[in-house]
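The values are calculated or read from the model by the stated rules, or taken from the named source; none is laboratory data. Quantities reported herein were computed from a predicted structural model and do not represent experimental measurements. So basically every Cβ, Gly included, is an ideal-geometry build from the backbone, and we count neighbours across all protein chains shown. What goes into the accessible areas is simple: the full protein's heavy atoms, side chains included, and nothing from ligands, DNA or RNA. Shrake-Rupley method; radii C 1.70, N 1.55, O 1.52, S 1.80 Å.
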Amino acid sequence: MTKRGMLIVLSGPSGVGKGTVRKALFEDPSVDFNYSISMTTRQPRDGEQNGVDYYFVSKTEFEDHIKNGEMLEYAKYVDNYYGTPLNYVNQQLEAGHDVFLEIEVNGALQVRANCPDGIFIFLTPPDIKELRSRLVGRGTDALEVINKRIQTASKEIHMMQNYDYAVVNDKIENAVNQIKDIVRSERLKVKRVMPDYLDSLGDEI
Ligand code: 5GP
């Protein structure tokens, strides 16, 4: 029987740079995870391609997929649906490939409930003071709006407790290396190594 792949979930507060870290990770030639392309109802941005960056679908199509039980998780984020198609993830894991999701926090909690064997990594901003000074410095938001954003960010940061690992996104390169380290050590966990190892010993023990 093929050994099941690992499900790796990268998540974290909005604006922390999950997408940038994910792209940098996949540019690394030593990384061989399979990226699960999400489905969304938001409009493609310039340069984004259907089936590469996202599967861009209508609201009705998305809701049909939900109804048919075809999503591993989904969430509404800034008035649009985002979600992970279940089929691809299952097929790849069963074929022994490691699958990588980059999703927001509510979706990650749903995956955690359904796939307790997954590896849950929380990407977090270096500090909240910096976020405040960035927002104030930008000068585009009223103080009230800034306070609300800080409040949301601090609530989201507390969601860290639902994860297995925390990676501080101070430098993209560091974050990428830490994620690679996490996955490397996860591969060595006894629960992953032992079944094959015992098999390899045959009737000796
Ligand atoms: P953006 O519109 O900037 O591409 O993504 C907005 C947010 O949605 C980001 O935080 C991104 O991580 C998250 N996201 C992308 N795909 C998924 C998904 O399949 N499920 C969930 N729950 N969030 C997603």
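Which pairs turn up if I take residues in the stretch 115-132 that are at positive phi and hydrophobic (A, V, I, L, M, F, W, C) and look for partners that are surrounded by fewer than 20 Cβ atoms within 10 Å (Cβ to Cβ) and assigned to a loop (DSSP other than H, G, I, E, B) with beta carbon separation below 8 Å, at least 6 apart in sequence or on another chain?
Taking only residues 6 or more apart or on different chains, not a single pair turns up.
Check whether at least one residue in the stretch 116-123 is under 30 Å from Met71 (Cβ atoms) and open to solvent by 70 Å² or more (accessible area, probe 1.4 Å), and report yes or no.
yes
Go through the stretch 72-111 and count every residue that is open to solvent by less than 70 Å² (accessible area, probe 1.4 Å) and closer than 26 Å to Glu186 by Cα.
Number satisfying all stated conditions: 25.
Which ones in the stretch 160-185 are farther than 14 Å from Lys18 by Cα, open to solvent by less than 40 Å² (accessible area, probe 1.4 Å) and touching a Phe, Trp or Tyr at 6+ places or on another chain (Cβ under 9 Å)?
Listed by number, the residues that qualify are Tyr163, Ile182, Val183.
For the stretch 39-53, give me each residue that is away from the ligand (no atom under 12 Å from the Cβ) and open to solvent by 70 Å² or more (accessible area, probe 1.4 Å).
Asp46, Gly47, Gln49, Asn50, Val52
For residues that are in a helix (DSSP H, G or I) and of a type in the set (Val, Ile, Thr), scanning just the stretch 54-66, find the one that is farthest from the ligand (Cβ to nearest atom).
The residue in question is Thr60.
Leu86 versus (1) in contact with an Asp or Glu (Cβ under 8 Å, 6 or more places away or on another chain); (2) on the phi > 0 side of the Ramachandran plot: which is the lone unmet condition?
Of everything listed in (1) in contact with an Asp or Glu (Cβ under 8 Å, 6 or more places away or on another chain); (2) on the phi > 0 side of the Ramachandran plot, Leu86 misses just condition (2).
Determine whether Glu104 is acidic (Asp, Glu) and modelled with pLDDT of 95 or more.
no
Let's see how each residue does on (1) basic (Lys, Arg); (2) more than 15 Å from the ligand (Cβ to nearest atom); (3) farther than 21 Å from Pro44 by Cβ:
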| residue | (1), (2), (3) |
| --- | --- |
| Asn68 | no, yes, yes |
| Leu72 | no, no, yes |
| Val78 | no, no, no |
| Thr84 | no, no, no |
| Val99 | no, no, yes |
| Val105 | no, no, yes |
| Val111 | no, no, yes |
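Are any residues in the stretch 86-97 within 13 Å of the ligand (Cβ to nearest atom) and without any contact (Cβ under 8 Å) to a residue 60 or more places away in the chain, and if so, which ones?
Matches in the stretch 86-97: Leu86, Tyr88.
Among (1) surrounded by 15 or more Cβ atoms within 10 Å (Cβ to Cβ); (2) within 11 Å of the ligand (Cβ to nearest atom); (3) not in a helix (DSSP H, G or I), there is one condition Ser14 misses while meeting the rest; what is its number?
(1)
Here is a check on your reading of the model: is Lys23 open to solvent by less than 60 Å² (accessible area, probe 1.4 Å), within 13 Å of the ligand (Cβ to nearest atom) and within 13 Å of the chain's Cα centre (by Cα)?
Answer is no for this residue.
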